[in-house]
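The structure appears right after this line, and notes come after that.
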Amino acid sequence: MKYVFFDIECAAYVDDMFTICTFGYTITDENFKVLKKEDILINPHSKFNKIVLKKIIHYKEEDFLDKPSFKDFYPFLKELLTSEDHMCFGFDVGNDLRFLNGEYKRYELEPLNIKAYDIQHIHKLVKQLSTSESLSKAAMSMDIDFESIELHNSCDDAY
């Protein structure tokens, strides 16, 4: 069994859906040894929200112009997120699944049946919190070193 941790960042909110611009993931073995970590840039085929460019993602808009679209990454994502020997996790993963569902509709793709566990919810239960914490607060409470991590970098957030 391999564990797949994933995170998504979006360029904008268009026609009642978010347009995905990055898909980051980390694959570990059952002992949490990192096997692969990657941040995939996706051309969202939409304008970027200015706040996203200034305060959220760590790329420039032009970095995405020559990248393939979500539709091109779909076969890879299908294999990664639905493989029998992969167990998927995300932080506040409901948002990421909603982003994926929007892209399936936009590109007229068959929705993937992804089973993903929400680390934010698990953290809330383990820490016996009354409300959920942000990723940065949860990571700090677990003494995770931020020296080499950029928040809102999809592969770092997945890691």
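The values are calculated or read from the model by the stated rules, or taken from the named source; none is laboratory data. Keep in mind that what you see is a predicted model, and the values were worked out from it rather than measured. Positions of Cβ are backbone-derived with ideal geometry, glycine not excepted, and every protein chain shown enters the neighbour counts. Please note that ligands, DNA and RNA were not included when accessible areas were found on the heavy atoms of the full protein model with its side chains. Shrake-Rupley method; radii C 1.70, N 1.55, O 1.52, S 1.80 Å.
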Worksheet item: Since Tyr117 meets every condition but one in (1) over 15 Å from the mean Cα position of the chain (by Cα); (2) touching a residue at least 24 places away in the same chain (Cβ under 8 Å); (3) surrounded by fewer than 18 Cβ atoms within 10 Å (Cβ to Cβ), which condition does it not meet?
Response: (1)
Discussion item. Which of the strands (runs of 3 or more DSSP E) found entirely inside the range 1-83 contain at least 1 residues meeting this: open to solvent by 80 Å² or more (accessible area, probe 1.4 Å) and either out of contact with any Leu (no Cβ under 8 Å at 6 or more places or on another chain) or more than 21 Å from Asp156 (Cβ to Cβ) (or both)?
Written reply: 2-14, 34-41
